[in-house]
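Comments concern the structure below.
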Amino acid sequence: MIQPMTAKELEYVADSMSNEDLLMKQCAAVVAVSTTPAIRECCSQMIQMHQQHYDSLMHAIQHHQQIAPTQPQ
Amino acid sequence: MQQQQQQQQQQAQQSQSILNEEDLVSTVLADLKRVVREYATAATESTCPDIRQLFTKLLHNTLSAQGQLFQAMQQSNMYNAASPALRQELDKQMQQYQQTAQKTRQLLQQKLGGALQQNAMIGAMNQQSPQQQQPIYM
């Protein structure tokens, strides 16, 4: 049984999604211009990772949606 | 040949952008460092076990990604590591913190000596009543 997410936790989750989204784009910008194989490879892999992080955070909100109270408590 | 093409591609893109490859990679590294701190804060301030667990997992992943990117940068000579600490500085700190550790051991022995001993023998010698209540028991 999971407990409802706190307002603070939701703020952190939302901020984290912004961070992951930005990092995904930044890594894509590096891959687009990079001429260094080690950097290219590292940043390509990181695009996938940030995408997965974003999905996990999204999933956490979804998971908590059903049990969240609709009235302030 | 491919490298030449890549160089041309890079030059074309660099004329559009003020930030070059090294600058862009540095911003990614800086943001990974920031995100590591944010995940650590989020995890320590979480109440729900599942949310804490999620932040902890993301913290580990981000921390290792930051390490990998740092290594890739170092390999590609994009990172000037700090100069090594001098031997005499290491000796100085070592000496100072050995003294600190020694003092702390003595202090703990003095304040909790009996309690620590009793703690070690807990269960075996229950009849021995403590002289004073120590918060360490709670």
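So which residues in region A:5-35 are assigned to a loop (DSSP other than H, G, I, E, B) and in contact with an Asp or Glu (Cβ under 7 Å, 6 or more places away or on another chain), if there are any at all?
Residues satisfying the conditions are A:S34, A:T35.
Is there any pair with a first residue in region B:50-64 that is acidic (D, E) and a second that is surrounded by fewer than 16 Cβ atoms within 10 Å (Cβ to Cβ) whose Cβ atoms are under 8 Å apart and which are 6 or more apart or on different chains, and what are they?
Correct list of pairs: B:D50/A:I2; B:D50/A:H63.
Go through region A:19-50 and give me each residue that's touching a residue at least 24 places away in the same chain (Cβ under 8 Å) and more than 10 Å from every other protein chain (Cβ to nearest Cβ).
Correct list: A:D21, A:M24.
Just to be sure before I move on: is A:I2 in contact with an Asp or Glu (Cβ under 6 Å, 6 or more places away or on another chain) and surrounded by fewer than 14 Cβ atoms within 10 Å (Cβ to Cβ) in the structure I sent?
Spelling it out, A:I2 is indeed in contact with an Asp or Glu (Cβ under 6 Å, 6 or more places away or on another chain) and surrounded by fewer than 14 Cβ atoms within 10 Å (Cβ to Cβ).
Looking at region A:1-18 only, could you name the residues that are at the interface with chain B (Cβ under 7 Å from one of its Cβ atoms) and modelled with pLDDT under 95?
A:I2, A:Q3
What's the number of the only condition in (1) under 30 Å from A:D21 (Cα atoms); (2) modelled with pLDDT under 90 that B:M73 fails to meet?
All conditions are met except number (2).
Please work out if B:Q110 is in a helix (DSSP H, G or I) and within 17 Å of A:C42 (Cα to Cα).
It is false that B:Q110 is in a helix (DSSP H, G or I) and within 17 Å of A:C42 (Cα to Cα).
Tell me, which residue of region A:51-68 that is farther than 14 Å from A:K8 by Cα and touching a residue at least 60 places away in the same chain (Cβ under 8 Å) is farthest from the other protein chains (Cβ to nearest Cβ)?
Result: A:I67.
The values are calculated or read from the model by the stated rules, or taken from the named source; none is laboratory data. Here the structure is a predicted model, which is why all the values come from computation and not from measurement. Ideal geometry is used to build each Cβ from the backbone, glycine not excepted, and the neighbour counts take in all protein chains shown.
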